[in-house]
Amino acid sequence: MTLRVLAAMSGGVDSAVAAARAAEAGHDVTGVHMALSSNPQSYRTGARGCCTLEDSRDARRAADVIGIPFYVWDLAERFHHDVVEDFVSEYAAGRTPNPCLRCNEKIKFEALLDRALALGFDAVCTGHYARLADGVLRRGVDGGKDQSYVLAVCTPEQLAHAMFPLGDTTKADIRAEAERRGLQVADKPDSHDICFIADGDTKGFLAERLGAAPGPIVDIEGNQVGEHEGSYGYTVGQRKGLRLGTPAPDGKPRYVLDISPVTNTVTVGPREALDVTEITAERPVWLAEVPAGPFGCQVQLRAHGEVYDCVAEPDGDRLTIRLARPARGVASGQAAVLYEDDRVLGSATIADTARVPA
């Protein structure tokens, strides 16, 4: 069946090969590059983001080689509101967001997909490493590149109009294929870090927007052991950059255990205090039938993170996840993605954690 496909082309090798495969499969493919910054030089320049003039030109050259029409769509205002401002507000609230996950949710599979469907396209094609068949989202075969975690926020309705042509291939093979196809991005390095923070200094980026807000750093007994310039500059599990004036009694490193924006307090303590066995998550998105009660599955708590056996219990717009063994350094604001082997069952946003005795 021939489909009208809109291929999201970031300027990297993955999206270029995905577009080429969709065209080779006989679909009517149009390439589009999303301009995500009103001033590309203010985001990442000449490097490995997805917001640069260089990336736009690389995407256009790839479309020319593939032989498909190509356009640039200005989504800068939407990206700034839904991804950048959300990123800042989440840190201000003491949470740790995942901007790549939010970009998939709000930009690629909401703003872009909505516009594509309105223009008569049947599907949006991206270079994500994940597999999709009959509405079932599964991990990509390349475990090191699998991106099912950041796609788990998409709804079944959105996935019904999605194509992920790379899910059955390793990254090494994709680069080799790009070279065979004559795509100049075959050896282009992957993007890293956060695309809209040009110098990689997240703390400085937040300070510029939220301002200085000094407050205490305390230990688990409530004793002040240091001072911070803004609680938004910390995340649960952080060890470096704490600048504590008082060493721990046992001389061991201390880690961020909790961030309270209400009292503007950062709590630190020993590594073992980071262990949690129960997670409360909110706003679940289900990609499978919602179970009536508790059920066994696996959960992943960060992108490319460890997978834990668990029992998940849905309750309306809440989800309780009980881990078979402790997880360390789980931050609110991240996604908890449930799996059955390699199949994605659903996701929810982590709201709270606890250490519950066995």
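The values are calculated or read from the model by the stated rules, or taken from the named source; none is laboratory data. All figures in this text were calculated on a predicted structure; none of them were measured in a lab. We place every Cβ from the backbone using ideal geometry, glycine too, and count neighbours over all the protein chains shown.
Determine whether Thr267 is surrounded by 15 or more Cβ atoms within 10 Å (Cβ to Cβ), in contact with an Asp or Glu (Cβ under 7 Å, 6 or more places away or on another chain) and farther than 24 Å from Ala160 by Cβ. The answer is yes for Thr267. Checked against (1) in the same structural domain as Thr320 (by TED's automatic domain parsing); (2) within 30 Å of Gly127 (Cα to Cα), Thr280 meets all criteria but (2). Inside the stretch 327-358, residues that are under 15 Å from Cys310 (Cα atoms), of a type in the set (Gly, Ala, Ser) and outside any strand (DSSP E or B) make up a count of 1.
Let's see how each residue does on (1) in contact with a strand residue (DSSP E or B) (Cβ under 8 Å, 6 or more places away or on another chain); (2) modelled with pLDDT under 95:
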position: Thr169; (1), (2): no, no
position: Glu179; (1), (2): no, no
position: Phe205; (1), (2): no, yes
position: Asp219; (1), (2): yes, yes
position: Gly222; (1), (2): no, yes
position: Gly226; (1), (2): yes, yes
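Among all positions in the stretch 51-71, there is no residue which is closer than 25 Å to Gly333 by Cα and free of Cβ contacts under 8 Å to residues at least 24 places away in the same chain. Among the residues of the stretch 1-15, those that are surrounded by 24 or more Cβ atoms within 10 Å (Cβ to Cβ) and either modelled with pLDDT under 90 or part of a helix (DSSP H, G or I) (or both) comprise Val13, Asp14, Ser15. Can you tell me which residue within the stretch 27-47, out of those that are part of a loop (DSSP other than H, G, I, E, B) and modelled with pLDDT of 55 or more, is nearest to Pro69 (Cα to Cα)? Ranking the qualifying residues of the stretch 27-47, first place goes to His27. Of Ala248, Ala198, Ala186, Ala207, all but one fail to be without any contact (Cβ under 8 Å) to a residue 40 or more places away in the chain, under 30 Å from Ser37 (Cα atoms), surrounded by 13 or more Cβ atoms within 10 Å (Cβ to Cβ) and of a type outside the set (Ser, Thr, Tyr); the exception is Ala207.
Scan (1) crowded, with 19+ Cβ neighbours inside 10 Å; (2) β-branched (Val, Ile, Thr); (3) modelled with pLDDT under 95 for the single condition Ile174 breaks and write down its number. Condition not satisfied by Ile174: (3). Only a single item in (1) surrounded by 16 or more Cβ atoms within 10 Å (Cβ to Cβ); (2) more than 21 Å from Asp64 (Cα to Cα) is not met by Arg181, and it is number (2). Looking at the stretch 130-138, can you tell me whether even one residue there is touching a strand residue (DSSP E or B) at 6+ places or on another chain (Cβ under 8 Å), assigned to a loop (DSSP other than H, G, I, E, B) and either closer than 20 Å to Val290 by Cβ or not assigned by TED's automatic domain parsing to the domain that holds Gln334 (or both)? Among the residues of the stretch 130-138, not one is touching a strand residue (DSSP E or B) at 6+ places or on another chain (Cβ under 8 Å), assigned to a loop (DSSP other than H, G, I, E, B) and either closer than 20 Å to Val290 by Cβ or not assigned by TED's automatic domain parsing to the domain that holds Gln334 (or both), which makes the answer no. For the stretch 16-23, does any single residue satisfy the condition of being at pLDDT 95 or above, more than 20 Å from Pro189 (Cα to Cα) and either touching a Cys at 6+ places or on another chain (Cβ under 9 Å) or crowded, with 24+ Cβ neighbours inside 10 Å (or both)? Yes: the stretch 16-23 contains one or more residues that are at pLDDT 95 or above, more than 20 Å from Pro189 (Cα to Cα) and either touching a Cys at 6+ places or on another chain (Cβ under 9 Å) or crowded, with 24+ Cβ neighbours inside 10 Å (or both). For the stretch 277-289, the candidate set comprises residues that are in contact (Cβ under 8 Å) with a residue 40 or more places away in the chain and assigned to a loop (DSSP other than H, G, I, E, B); within that set, the residue that is nearest to Glu227 (Cα to Cα) is Leu287. So for the stretch 87-100 (the condition being touching a Pro at 6+ places or on another chain (Cβ under 8 Å), surrounded by 19 or more Cβ atoms within 10 Å (Cβ to Cβ) and of a type in the set (Gly, Ala, Ser)), does at least one residue qualify? So far as the stretch 87-100 goes, yes, one or more of its residues are touching a Pro at 6+ places or on another chain (Cβ under 8 Å), surrounded by 19 or more Cβ atoms within 10 Å (Cβ to Cβ) and of a type in the set (Gly, Ala, Ser).
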